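> Once you've had a glance at the structure underneath, I'll fire off some questions.
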Amino acid sequence: MNQERSNSAAYTPRPQQLLLWSGLLMLAFAWIFWDFFQRQVLFAIKQQADWGHTLIIPFIAGYFVWLCRNRLLERPFKRAWFGIVLLIFGLGWYTLCALGPMALHHHNLMGIGVGASLVGIVLFIFGWNAMKYLWFPLLYLILFGQTISDRLMEVVTFKLQDIASIGSYYGLSFLGLDVTRSGNTIDIFYDGELYPLNIAEACSGMRMLMAFFALGVAMAYTGLRHFWQRAILVLLAVPTAVFVNILRVMTLGILSIADSGFATGDFHTFIGTLWLIPAFLIYLGIVWLLKNIIIEDDEEVDDEVSASTEIKFNQSTTVGFVIVIGLLTTSAVALQVGVQALNVYLHKEAVYPRQDLAVIPSSLGPWKSVGEDSRFDKAGVEALGTDMYLSRNYSNPVSAAPMVQLHIAYYTGQIDAVPHVPDRCMVAGGFIPLTAEPVTVSIDVGDKSWLLDAENELDGTQIPYVTKLNPVIGKEEIIHMPLGEFEIRTTEFSHPELGDDRVIAGYFFVANGKTTAYPEQIRLLAFNPASKYAYYCKVQFTIRGNQHFTIDDYSEIVSDLSKELMPDIMACLPDWVEVTQQEIK
C-alpha cells in the first residue's frame, strides 16, 4: 500500500530533460577530472597488453547495472544528502593531489578522488536504496578501470617472475629436458646446444593476472548465485593465471629450441595471447564445477521483478542535478585558477635528447670501446621501458683496469616510471648480492674544474658548465652540467658461473638538470609540479673483477671514465637552461 502511494506521488522527468541534465553532468565530471582520464586512456593505448582491458571495464560495469535494472526501477529514487559529503571529499582530495605535495601527485591516489566523487554523485541523485544494487558496479569500475602504477606492481611482478621461472624449470625437467635455472633465466641443453630463456617482466604473468581478476569478478557476479561460490572463483583467478603462465613459458622454451626468435618479439606476444584461450576454458570449467558441486532445488528467481520502465524520482531532479553540476563546475574552475596561480603542470610533457646516445664517442681519452654496442630485442626494450639507451663496453689499454660495461637509459614524460636498477634486475638474472643493501660512494667526475654560469641559475645555484669542441661546426660550445653531489649507488654480486670473481654494479641519475644516486628521489627532481617537462637518465657502470676487487677500486675506475664521459652525456641530454627558458616563453 505504502509503495503504491509513493509510486503514485513519484515524479517522472521527461526523457529529454533527463538526457540534458545527464549530459551536462558528464561534461562537468569530465572537465574536473580531465587530466586523470587523459592519462588513463594514454596508459591503456600505450600499454595495451597490460592495461588495454581498462577501456572495456566501463561497459562491463554498465552491463551489471542493466542486469539489475528491474530492481532499480522498482521504487522511485530518493536523494541522499550524504552523497554530497562524499562528492566534496572526492573533489577536495583530487585537488590536493593535483596542487599539493609531489608525493600525492600519483595516478592511483588521484583515482581515489575520482572514485569518491563518482560514488557521491550516484548516492546523492539515486539514494541509498539504489546503492544496494549499484555499489558493486561502481566498485568494479573503480578497482579495474584504472591502471595500477608500476611502483605498486613491481613487488608482485618480481615475485611472479620467480614463480614462472621455478614452475617452468620443473615443468621442462618433467618433460625430460636438461634444464638449469639461474635467477629468472632458464638454460635448456638440447643436442649439445644451449638455449637460454630469460623470463622478463612481460613473462611475469601480471598481465594475465589482472585480466583474470577482472574476468573472474565479472563471471562470479553474473554466473554464480552464492557468495562462497563467487569468492572461490575470484580467489582461483590467481592460481589459474599463474599455472597458465607457467605453461606459456614452457611453450616458449620448447619453441626456442627450434628457433630462438620464437621466444622474442611479436611471436612471443602471440603465444601469450594464444594461451588466453585455454586459460578462459579452464576458468569456464571452474565455473561449471562451482555451479554443480551442490545440487539445489530450483529457486524462484526474484530478479525478474515486474517494474515500470520509467525512471522515477520522489522529487524534482532539477535541484539535484544543479547542485552536483554546480559543485563540479566550481571545483573545475577553482582547480584551473590554482594551477595558474601556483604554476603547476598536471601533465608532464616529454623532452627528448638533443642527440642520440649512440653519438657518444667510442674513444674517451684513454678509454676505447670494445666490440659492438648491445641492442635489446623487443621484449628487452619493453622490460627496460624505453628504446632510448646505450649499452657499450669500454676498456683502458693504458692501465690494467678491467673492462667497464656502460649502460645509459633515457626516460621522459613518465610520471611514475620505476627505474630498472641492478640491485633488483641483476638478482632476477641469477646474481647473488653480497651486501644486504646497496652502498653509496662518492665519485670524482671532474666537477671541481667546471665553470659557473653567472647568467643562469637553478634553485638559486649557478649552473656549472664546460666548453667542448663541436666537430660538426668546428667551434667551442657550452655544455651545462648537472647540479648536485656525484654519488653512485653500488651493489656487489657473485654468480655461480663466475667462480671467485665478483661483479660490482652501480648507477646514478641525471634528472631535470640535477643528479642523485637514489631512485626514490627521481620524482622529487624530475617531476617538480612547477616544471612543464620531465626527464631522467640512468647512468650505470658494471665491472667484473677478481675476489680482491673492492668498491674503492670500482669507484676509482668509474671516476676515471666519468671525467671523460660526463660532458658527452650532457651534450646528448636536454640543456635544462634552454628547457626552462622555453617554459618561460
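None of the figures in this text is laboratory data; all of them are computed from the coordinates on show. This structure is a prediction, so every number in the text was calculated from the model and none was measured. A quick note on method: Cβ atoms are made from the backbone with ideal geometry, for glycine too, and the neighbour counts reach across all protein chains shown.
> Specify which residue in the list Ala258, Tyr170, Ser182 is farthest towards the positive end of the charge dipole of the range 151-292, using unit charges on the beta carbon of Lys, Arg (+1) and Asp, Glu (-1), about the Cα centre.
The residue sitting most towards the positive pole is Tyr170.
> What is the angle, in °, between the Cα long axis of helix 15-32 and the longest principal axis of the Cα atoms in the chain? Nearest 10 is fine, range 0 to 90.
Rounded to the nearest ten degrees, it is 20.
> Full-extension gain between Ala103 and Asp377, please, as 0.36 nm times their residue separation minus the C-alpha to C-alpha distance.
95.2 nm
> Give the residue from Ser391, Gly484, Ala454 lying farthest towards the positive end of the charge dipole for the range 357-584; charges sit on Cβ (+1 for Lys and Arg, -1 for Asp and Glu) and the dipole is referred to the Cα centre.
Of the options given, the answer is Ser391.
> State the dimensionless ratio Rg/Rh of the range 151-292 (Rg: radius of gyration of Cα atoms; Rh: Kirkwood radius).
Here the Rg-to-Rh quotient is 1.03.
> From the C-alpha coordinates alone, can you work out the Kirkwood hydrodynamic radius of the range 534-585, in Å?
13.7 Å
> May I ask for the angle, rounded to the nearest 10°, between helix 551-572 and the longest principal axis of the chain, with both axes built from Cα atoms and the value confined to 0 to 90°?
Roughly 70 degrees between the two axes.
> Let me ask something else. Mind grabbing the base-10 log of I(q)/I(0) for the chain at q = 0.10, 0.11 Å⁻¹? Debye formula, identical points on the C-alpha positions, no solvent, two decimal places.
For the chain at q = 0.10, 0.11 Å⁻¹, log10 I(q)/I(0) is -1.01, -1.14.
> Okay, moving on. Can you give me the Kirkwood hydrodynamic radius for the range 357-584, using every pair of distinct Cα atoms, in Å to one decimal?
Numbers: mean 1/r = 0.0542 Å⁻¹.
Here the Kirkwood hydrodynamic radius works out to 18.5 Å.
> What per residue convex hull volume, in Å³, comes out for the range 24-174 when only alpha-carbon positions are used?
145 Å³
> I want the local charge near Asn314. Using Cβ-Cβ distances under 9 Å, sum +1 for each Lys or Arg and -1 for each Asp or Glu among the other residues.
After counting each charged neighbour, the total is +4.
> Packing-wise, with mean Cβ within 10 Å as the measure, how do 565-572, 35-42 rank, highest first?
565-572, 35-42
> Grab the DSSP H runs of the chain that are 4 residues or longer, score each as -39,500 (n - 2.57), total them, divide by all residues and round the 222 nm result to the nearest 500 deg cm²/dmol.
After summing the helix terms and dividing by the residues of the chain, the value is -16000 deg cm²/dmol.
> If I fit a long axis through the Cα atoms of helix 206-223 and take the longest principal axis of the Cα atoms of the chain, what angle between them do I get, 0 to 90°, rounded to 10?
For helix 206-223, the angle is close to 10 degrees.
> When the expected Rg is taken as 2.2 N^0.38 Å, what fraction or multiple of it is the alpha-carbon Rg of the range 423-520? Intermediate results must be reported in sequence, preceding the final value.
Working: Rg = 18.3 Å, N = 98, 2.2 N^0.38 = 12.6 Å.
Normalised by 2.2 N^0.38 Å, the Cα Rg of the range 423-520 equals 1.46.
> How large is the dipole of the chain about the Cα centre if only Lys and Arg carry +1 and Asp and Glu carry -1, each at its Cβ, rounded to the nearest 20 debye?
Values: 38 positive and 57 negative charges, 471 e Å.
Once rounded to the nearest 20, the dipole reads 2260 debye.
> Could you size up the charge dipole of the range 357-584 around its Cα centre, putting +1 on the beta carbon of Lys and Arg and -1 on that of Asp and Glu, and report it in debye to the nearest 20?
Once rounded to the nearest 20, the dipole reads 360 debye.
> Extent of the range 479-519 along each principal axis, from alpha carbon coordinates, in Å, largest to smallest?
43, 20, 13
> Could you tell me how far the Cα centroid of the range 275-292 sits from the Cα centroid of the range 12-32, in Å?
The two parts, judged by their Cα centres, are 41 Å apart.
> Quick one: if the Förster radius is 41 Å, what FRET efficiency do Tyr352 and Phe189 give, using the C-beta to C-beta distance and rounding to 0.05?
About 0.40, to the nearest 0.05.
> Need the full-extension length gain, Trp128 to Glu154, defined as separation in residues times 0.36 nm minus the C-alpha distance. One decimal, nm.
Details: separation 26, 0.36 × 26 = 9.36 nm, distance 3.83 nm.
Residue separation times 0.36 nm, minus the Cα-Cα distance, leaves 5.5 nm.
> Once you place label points 7 Å from the Cα toward the Cβ at Ile282 and Ser173, how far apart are they in nm?
2.0 nm
> Any idea what % of Cα-Cα pairs in the range 87-148 are farther than 15 Å?
Tail of the P(r) past 15 Å holds 52 percent of the pairs.
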